[in-house]
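Heads up: the structure comes next, in structure tokens.
Readers should treat all values here as calculations from the given coordinates under stated rules, not as data from a laboratory. These numbers were taken from a predicted model, which means no experiment stands behind them. Methodologically, a virtual Cβ is constructed for each residue, glycine included, from the backbone with ideal geometry; neighbour enumeration extends over all protein chains shown.
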Ligand code: UDP
Ligand code: GLC
């Protein structure tokens, strides 16, 4: 039965992860908007359900171990994973009776949600945060995603790039709508002090408690904010550093959220080989992203595979920092090259070094680009507008 236009919609959100990845941070903001009219079920414990609890959002952790099926898994692992899914599907279909829809935020959540939705006859919504392509998923996984998502009443894609890949993989075009991630503009206060010229750097260094920890006043700090994972391309920035003079340093903010420990070791090895130890810092996972971005001179995004959206790009802009990003996927929809940021060829350290040097040598240009980026980001990615847009879409779809 269709919902009355004034009906206060109740939503059961599903997310497989207990970690704070971009998809989970996006969901945390949406769940906050629905408040006590929603519940979030995760399939693993961790900082994500913790954060939701702190925000007074009803949370249930449905599986203590997490599910073993990975993005590149094949048929053997799929059969094993099915065993774990049974109890989850049962629980979700029971819970969903108290809600108007099941809203899946990740792939495993989609599989569970699609079957539970059939059992409980509650409509399924899928928020697609990924590019469904061989670059990111095994063939089997792509088929599972598309088949499950095609049962949904609505597929919300986080970018045109994600939407296009989904349709190319067999997803039903008429179901999909693009909604970019939104950001709470209050978390990015106006920051009149800039650090683009040497004199200003010294002033800022005195007033910012973070700056001395990140690098001395005369250093040019490039900030990289991403979980440590091969396709996020931290190695490209390290490689680029050797083509930049010594005052250019880098900080890496983010943890190996999904167990990519061998990549972390590989990065350490690379730094040692290139003798860059005194120009690179790893800060691990942090919650004070705007403050850290404010203490950087440039924000670099270096994904080697197409980024589905790229929250960090927008966050850098909202912090009034110039951003250089790898030209693929969502980054192309966020940045207009030379206007609101810089785009470089994915995986090309020399081109990245050129962009870093432009920002380093031309502070006025960097400041102008940062300012244009900020104005654009405030206008297009305001959380209030984005939440209202999703709410309206859900009402129409249901
Ligand atoms: N982030 C964070 N702490 C960290 C590193 C990253 O809170 O130490 C946040 C970052 O601010 C961004 C999100 O994690 O909001 C990453 O989202 P993005 O879309 O850039 O990439 P994803 O990891 O989701 O692919
Ligand atoms: C995913 C994507 C990332 C996107 C985020 C939020 O984690 O990898 O590109 O920004 O979801 O939609």
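Pull out the extension gain between residue 261 and residue 384, defined as 0.36 nm times the separation in residues minus the alpha carbon to alpha carbon distance; nm, one decimal. Could the numbers behind the result be given before it?
Working: separation 123, 0.36 × 123 = 44.28 nm, distance 3.72 nm.
Contour length minus the Cα-Cα distance gives 40.6 nm.
Take segment 247-398, compute every pairwise Cα distance, and split them into 10 Å bins from 0; I just need the percent in each bin.
Calculated P(r), rounded to whole percents: 10, 35, 36, 14, 4, 1.
If each DSSP helix of 4+ residues adds -39,500 (n - 2.57) and the sum is divided by the residues in the chain, what number results at 222 nm, nearest 500 deg cm²/dmol?
It comes out at -13500 deg cm²/dmol, rounded to the nearest 500.
May I ask you to sort 95, 237 by Cβ crowding, counting other Cβ atoms within 10 Å and putting the fewest first?
95, 237
Using the number of other C-beta atoms within 10 angstrom as an exposure proxy, rank 111, 146, 248 with the fewest first.
Lowest to highest Cβ neighbour count: 146, 248, 111.
Taking only the alpha carbons of segment 356-398, what extent do you get along each of the three principal axes, in Å, biggest first?
53, 15, 9
For the chain, what ratio Rg/Rh do Cα atoms give with a Kirkwood hydrodynamic radius?
Rounded to two decimals, Rg over Rh is 0.98.
On a full-extension model of 0.36 nm per residue, what is the gain between residue 217 and residue 283, subtracting their alpha-carbon distance, rounded to one decimal in nm?
21.9 nm
In percent, what relative contact order does the chain have, based on Cα pairs under 8 Å that are 6 or more apart in sequence? Could you put the intermediate results ahead of the total?
Details: 761 pairs, mean separation 54.3, N = 398.
Over the chain, the number comes to 14 percent.
Using a ≥ b ≥ c from the Cα gyration tensor of segment 85-187 (square roots of the eigenvalues), is it rounded, prolate or oblate, where a/c under 1.5 gives rounded and otherwise the larger of a/b and b/c decides, a/b for prolate?
Judged from the Cα gyration tensor, segment 85-187 comes out oblate (a/c at least 1.5, b/c at or above a/b).
When you count, for each residue, the other Cβ atoms within 10 Å and take the mean per peptide, how do 154-161, 182-189 rank with the highest first?
Peptide ranking by packing, descending: 154-161, 182-189.
Using a 7 Å offset from Cα along Cα-Cβ at residue 274, what residues in segment 354-371 end up with backbone N under 19 Å from the label point?
Backbone N within reach: 354-361.
Can you give me the distance in nm between label points at residue 361 and residue 174, each placed 7 Å from the Cα along the Cα-to-Cβ direction?
Computed distance between label sites residue 361 and residue 174 equals 5.6 nm.
Most mobile of 41, 26, 244 per a Gaussian network model of the chain (Cα springs, under 10 Å)?
The residue with the greatest mean-square fluctuation here is 244.
For residue 246 and residue 94, what is the calculated FRET efficiency with R₀ set at 51 Å and r taken between the beta-carbons, to the nearest 0.05?
0.25
Please provide three numbers in whole Å: the alpha-carbon extents of segment 221-260 along the principal axes, with the largest listed first.
Principal extents (Cα only, largest first): 34, 15, 10 Å.
Within a 10 angstrom radius of the beta carbon, how do 321, 55 rank from fewest other beta carbons to most?
So the residues, fewest neighbours to most, are 55, 321.
Mind checking the alpha-carbon convex hull of segment 19-60 and giving the volume per residue in Å³?
54
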